[in-house]
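Values in this text are rule-based calculations from the coordinates and carry no lab data. Remember, it's a predicted structure, so these values are computed and weren't measured experimentally. All Cβ positions, glycine included, derive from the backbone under ideal geometry; neighbour counts span all protein chains shown.
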Amino acid sequence: MKVTILQTDIEWGNPQENIVRVERLVAQEPDSDLYVLPEMWSTGFATDPHGIAEEEISSIALQWMKTKANELHCAICGSLAIHVDGNYRNRHYFVDGRNGMVQYYDKHHLFSYGHEDQYYTPGDSHTVVVYEGFRFLLVTCYDLRFPVWSRYNAQYPYDAIICVANWPESRQNAWQILTRSRAIENQAYLIGCNRVGNDCYNHYRGCSAIISPIGKTLAKCKVNEQDCASFLLDFESLNQKRTKFKVLEERDVFKISKH
């Protein structure tokens with residue numbers, strides 16, 4: 001399966017312009033099976049969503065994801081600031097253009113340091129999407145810091161983690177370490193898509209990458225540039241690694257207490 005990460009420079013609160021920027025990157029890799037966009041890719045990381053978040057039912061960005069995925073016969077995922085059922089959600093969508101199905105994950109660990117928790121409602125469940133035989137665990141940005149939340153287990157086994165993010169330069173070292181840690185400890189691919197550019201709070205370098213189950217960088221985007229990078233995920237190779245080196249079979253068993 002060909003996966004492409006789309007590292008964009010996000011224009012604040014401007015879905016139409018951000019769609020144009022994404023379209024340009026998609027055109028560089030027109031034959032991918034799955035495209036991955038950053039967190040809140042259509043607006044920027046709007047911790048205060050008033051006047052920024054779209055209504056889910058009329059979202060321009062979500063409609064584009066559906067239309068483009070259908071047109072290219074592929075899947076597209078990325079998170080949006082959404083107002084739905086009276087709540088604001090940082091909702092990570094996975095849109096499958098091959099069967100028309102739309103699945104989503106609501107960010108569980110809201111970024112309290114940036115006051116995201118004051119406006120958004122956290123999700124309380126995991127989402128594993130099965131697409132073309134691969135099982136993808138969806139997580140969003142700050143979730144990456146909490147290994148228990150994304151730990152491989154019998155309830156939601158998976159083959160790859162998709163982490164979409166707005167991870168700033170000031171904490172870039174953590175991004176580099178944590179993406180590799182989550183891949184290694186779960187013997188899974190890690191697909192990490194971060195943004196570049198600036199908003200009124202931070203500078204973003206990107207460093208989007210696809211990481212192997214042993215922590216090697218398989219593909220990466222250029223630093224500080226809008227860019228895309230692709231890699232062919234290999235299900236057989238993944239299973240061979242898990243069968244030969246049985247780390248997952250020796251993992252600790254525990255229950256998550258949600259707060």
Specify whether the C-alpha gyration tensor of the range 15-77 places it in the rounded, prolate or oblate class, a ≥ b ≥ c being the square roots of the eigenvalues: rounded for a/c under 1.5, otherwise prolate if a/b is larger than b/c and oblate if not. prolate
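Extension gain Tyr201-Lys241, at 0.36 nm per residue separation less the Cα-Cα distance, in nm?
The span from Tyr201 to Lys241 would gain 10.3 nm if fully extended.
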Exposed-loop cut sites defined as trypsin sites (Lys or Arg not before Pro) in DSSP loop states with at most 12 other Cβ within 10 angstrom; longest site-free run of the chain spans 1-215
Can you compute the label reach from Val102? Point 7 Å from Cα along the Cβ direction, backbone N cut-off under 18 Å, restricted to the range 50-75. 53-75
Compute the long axis of helix 172-185 from its Cα atoms, compare it with the longest principal axis of the Cα atoms of the chain, and write down the angle in degrees, 0 to 90, nearest 10. 40
Is it possible to state the helix-based mean residue ellipticity at 222 nm for the chain, with each DSSP H run of 4+ residues giving -39500 (n - 2.57), the sum divided by total residues, to the nearest 500 deg cm²/dmol? What is it? -6000 deg cm²/dmol
Any chance you could give the angle, 0 to 90 degrees and rounded to 10, that helix 60-72 forms with the longest Cα principal axis of the chain? 50
For semi-axes √(5λ) of the Cα gyration tensor in Å, one of (1) 26, 21, 18; (2) 39, 19, 16; (3) 30, 24, 17 was computed from the structure I shared and the rest are decoys. Which label? (1)
Keeping to pairs on different chains or 8 or more places apart, tell me how many lysine pairs in the chain have Cα atoms under 25 Å apart. 19
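If I stretch the segment between Glu132 and Ile256 completely, what's the gain in nm (0.36 nm per residue apart, minus their alpha carbon distance), one decimal?
Details: separation 124, 0.36 × 124 = 44.64 nm, distance 2.90 nm.
Between Glu132 and Ile256, full extension yields an extra 41.7 nm.
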Report, for the range 88-246, the % of DSSP beta bridges that are antiparallel, rounded to 5. 60
Around Ser230: net Lys/Arg minus Asp/Glu count, Cβ-Cβ under 12 Å: -2
Suppose R0 equals 51 Å; then what is the FRET efficiency for Ile177 and Glu55 from their Cβ-Cβ distance, rounded to the nearest 0.05? 0.85
Expected max-MSF residue from Tyr156, Tyr189, Tyr104 in the GNM of the chain (alpha carbon, under 10 Å) is Tyr156
Rounded if a/c under 1.5, otherwise prolate or oblate - the range 142-259, Cα gyration tensor axes: oblate
Folded to 0 to 90 degrees: helix 15-28 orientation relative to the chain principal axis, Cα: 50
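Using the Cα gyration tensor of the range 213-259, with a ≥ b ≥ c the square roots of its eigenvalues, what is the shape: rounded (a/c below 1.5), prolate (a/b larger than b/c) or oblate (neither)?
Oblate.
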The range 63-97 and the range 121-152 have their Cα centres apart by a whole-number Å value of 16
Percent antiparallel among DSSP beta bridges (both partners in the range 23-166, rounded to 5): 65
